[in-house]
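The values are calculated or read from the model by the stated rules, or taken from the named source; none is laboratory data. All values reported here derive from a predicted model rather than from experimental measurement. Every residue, glycine as well, gets a Cβ built from its backbone with ideal geometry; the counts of neighbours run over all protein chains shown. Side chains are part of the model used for accessible areas, which takes the heavy atoms of the whole protein and leaves out ligands, DNA and RNA. Shrake-Rupley method; radii C 1.70, N 1.55, O 1.52, S 1.80 Å.
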Amino acid sequence: MPPECGLTKVEMLGPEVLVYLTNIKVFYDNPNLIRNMAAAMRKRVLVRCDPSVLKPPEEALAKIKTIVPADAGISNIAFDPEFSEVAIDALKPGLVIGKHGATLKSVILETGWTPNIMRTPMLSSETISGLRASMLAESKSRKKFLNSLGKKICEPVEKSEWVKATMLGGFKEVGRSSTFIQTQHSNVLIDCGINPDTWDPSNAYPYLNAMNLALDQLDAVILSHAHLDHCGFIPYLFAYGFDGPIYCTPPTRDLMALLCFDYLDVTQKQGGKPPYGIKDVRKAISHCVVRQYHEVTDITPEIKLTFHNSGHILGSAIVHLHIGEGLHNLVYTSDFKYGYTKLFEPADSTFPRVETMFMESTYGARDDVLPRRQESDAKLMAVINETLANKGKVIIPVFSVGRAQELMLVLEENKLSVPCWLDGMTLEATAIHTVYPEFLKHNVQRRILSNDSPFASEIFRVARGVDRKTILEGDPCVILASSGMLSGGPSLEYFKMMADDPKSAIIFVGYQAVTSLGRKVQSGLREVPVLAESGKLEPLKIAMRTETVEGYSGHSDRNQLINFARNMRPKPERIFCMHGDNNKTQEMARVLNHILKIETRAPMNLDAIRLR
Ligand SMILES: [Zn+2]
């Protein structure tokens with residue numbers, strides 16, 4: 001660093017290096033400097049002004065308002081002295097950045113504060129505003145956490161000689177996904193979910209005991225995506241001694257907050273005992289270290305993590321781990337879609353190196369072939385239009401995250417003639433989608449950026465503060481409500497009120513777990529037990545039309561799974577099939593072995609396998 005930059009401090013900020021300067025202008029005048037430093041340190045380098053040269057906030061605020069054009073639609077400006085940053089929320093972040101970063105640069109040069117630019121959601125979102133406020137409030141403790149994390153990541157260790165995986169959950173089953181990856185010197189957990197479909201603690205949570213490790217010995221948790229069967233047990237780790245980082249993409253952090261708070265809420269309303277509390281969810285969120293796709297990150301002294309797009313839900317990722325200089329490379333696909341959807345690009349299938357792949361197999365059996373999307377859209381619209389013509393109403397139970405937004409795009413594109421009510425978490429989840437257009441498919445991204453967001457169409461109605469009975473007594477409509485398997489939440493409430501109406505219809509569009517109420521209704525039972533207000537299970541007669549429209553899954557079907565394994569570059573040496581019912585994981589392992597002529601198997605929970 002040239003002396004005229006006025007270097008005052010260098011510190012580790014998690015996996016990054018933070019450098020404080022008194023004369024940041026000299027630094028910006030020399031564009032090669034940051035590249036050379038990053039190359040020399042093999043770390044990402046962040047440059048900030050030393051606190052002594054920051055303009056006072058009131059003065060900086062006035063300056064920012066003159067520099068950034070009013071069209072940017074700034075909704076909030078907040079100063080974060082801990083990081084010499086100013087958080088700027090804007091409807092059009094591109095205008096805060098300016099051409100080639102010119103506007104951003106003038107804010108830094110004229111105020112000293114580095115803008116942290118965030119998009120304002122199109123629908124109001126308590127999750128987003130709450131998260132941004134608490135991040136600011138916890139700045140000091142977060143910095144302390146990142147400093148000590150950074151030191152741990154840099155500690156020199158001896159070379160590891162082995163790599164081992166222990167299957168803690170989600171093997172030969174769907175739910176409570178968790179895999180423990182261990183070397184002599186690193187202990188890393190990938191995913192830590194619950195099985196949202198059961199109350200029985202021996203089946204609901206992963207086998208964390210099988211790690212034989214105190215939770216404070218765990219170095220890191222990697223979160224592939226924000227579905228409860230992958231993230232739902234993470235706050236528990238914080239309730240029992242874990243104090244380390246959770247690596248995930250930015251949308252995954254926000255969606256995890258939404259889902260975990262909702263999980264606590266729903267569990268309590270149903271009289272259950274959640275395994276952790278609100279403060280544990282908060283702690284989990286403040287320990288998130290977010291990374292973009294393709295960013296290589298040191299997470300322990302010997303493990304590098306890279307996320308790749310998995311096409312499953314907003315921010316969902318395939319996890320690539322590079323362990324010890326070339327000792328072992330592992331790909332954990334988690335849930336992925338290797339096919340067409342309206343919302344996301346298909347999963348990445350190219351990686352720098354791979355020896356072992358863990359692959360989901362939700363639709364791994366011989367007959368698990370999904371229809372073409374055009375056929376699915378046609379059938380969905382036909383069932384809806386027939387029901388509406390009969391003056392009935394349509395309830396579609398959806399996973400609030402992912403399928404709901406995919407269906408919104410289908411209904412918007414097919415110009416639905418009646419209102420579509422969004423209930424429960426679907427609303428918040430949709431708002432979060434509008435904050436991260438860069439994670440969506442290119443054409444949806446473009447529509448959002450040009451003020452033509454499909455999510456803002458006038459067919460969509462917000463069921464916030466509206467009585468559900470009133471909606472059902474009103475005009476014909478379609479309702480998108482969580483949860484996706486009728487295991488609770490508004491979809492179950494609507495279903496209970498609509499079940500005896502032969503004019504109305506329920507349409508299943510997503511995976512229904514074997515033991516779920518959704519599966520029972522889907523299989524054609526005309527009477528099912530549901531939890532009544534008395535707290536007892538009582539029989540509910542079903543007279544409504546029951547339909548299933550396949551093809552909307554965020555999971556790959558059998559052909560897509562096979563194509564992914566076949567097209568994957570480089571070719572893995574072995575594949576472990578996971579995340580699927582017993583026969584599906586086994587069938588997938590068998591067929592991949594036949595096609596690829598490599599070692600494949602479908603491990604069970606509690607299996608431990610040496611990878612290297
Ligand atoms: Zn998922």
Notebook entry, point to check: If you go through the range 499-529 one residue at a time, how many are within 15 Å of S487 (Cβ to Cβ) and in contact with a helix residue (DSSP H, G or I) (Cβ under 6 Å, 6 or more places away or on another chain)?
Noted result: 4
Note to self: If a residue must be closer than 28 Å to G130 by Cα and either open to solvent by 10 Å² or more (accessible area, probe 1.4 Å) or among the charged types (D, E, K, R) (or both), how many such residues does the range 295-305 contain?
What the structure shows: 1
Next item on the list: Output yes when any residue across the range 333-344 is closer than 27 Å to E173 by Cα, under 24 Å from the mean Cα position of the chain (by Cα) and acidic (D, E), and no when none is.
Entry: yes
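Looking only at the range 391-405, count how many residues are in a loop (DSSP other than H, G, I, E, B) and within 14 Å of the ligand (Cβ to nearest atom).
First pass over the range 391-405, keeping only residues in a loop (DSSP other than H, G, I, E, B): 391-393, 398-402.
Okay, now just the ones that are also within 14 Å of the ligand (Cβ to nearest atom), so 398-402.
Qualifying residue count, the range 391-405: 5.
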Notebook entry, point to check: Can you tell me which residues in the range 9-56 are open to solvent by 60 Å² or more (accessible area, probe 1.4 Å), in a strand (DSSP E or B) and either of a type in the set (D, E, K, R) or in contact with a Ser or Thr (Cβ under 6 Å, 6 or more places away or on another chain) (or both)?
Noted result: K9
Next item on the list: Among the residues of the range 590-607, write down those that are under 27 Å from the mean Cα position of the chain (by Cα), hydrophobic (A, V, I, L, M, F, W, C) and open to solvent by less than 60 Å² (accessible area, probe 1.4 Å).
Entry: A602
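Taking the condition of being closer than 28 Å to E85 by Cβ and of a type in the set (S, T, N, Q), how many residues in the range 142-173 meet it?
Filtering the range 142-173 for residues closer than 28 Å to E85 by Cβ gives 142-155.
From what's left, of a type in the set (S, T, N, Q): 147-148.
Total meeting the criteria: 2.
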Note to self: Show me the strands (runs of 3 or more DSSP E) entirely contained within the range 224-322 in which 3 or more residues are of a type outside the set (V, I, T).
What the structure shows: 303-309
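Going through V398, V418 one at a time, which residue ends up being hydrophobic (A, V, I, L, M, F, W, C) and modelled with pLDDT of 95 or more? Quick ask: steps written out before the conclusion?
Working: V398 fails: modelled with pLDDT of 95 or more.
Going through V398, V418 in turn, just one is hydrophobic (A, V, I, L, M, F, W, C) and modelled with pLDDT of 95 or more: V418.
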Check: Within the range 428-449, is there a residue that is buried (at least 20 other Cβ atoms within 10 Å of the Cβ) and farther than 23 Å from I313 by Cα?
Finding: no
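Looking only at the range 331-358, how many residues end up being within 14 Å of the ligand (Cβ to nearest atom) and among the hydrophobic types (A, V, I, L, M, F, W, C)? Show your work before the answer.
Restricting attention to the range 331-358, the residues satisfying the condition of being within 14 Å of the ligand (Cβ to nearest atom) are 332-337, 341, 343-344, 347.
Checking which are among the hydrophobic types (A, V, I, L, M, F, W, C) leaves us with 336, 343-344, 347.
The total comes to 4.
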Checklist line | Count - residues of the range 389-399 that are in contact with a helix residue (DSSP H, G or I) (Cβ under 8 Å, 6 or more places away or on another chain) and open to solvent by 10 Å² or more (accessible area, probe 1.4 Å) | finding: 1
Note to self: Cβ contacts < 7 Å: first residue touching a residue at least 24 places away in the same chain (Cβ under 8 Å), restricted to the range 54-82; second residue among the acidic types (D, E) and part of a strand (DSSP E or B), any location; separation 6+ or different chain. Result?
What the structure shows: S75/D89; N76/D89
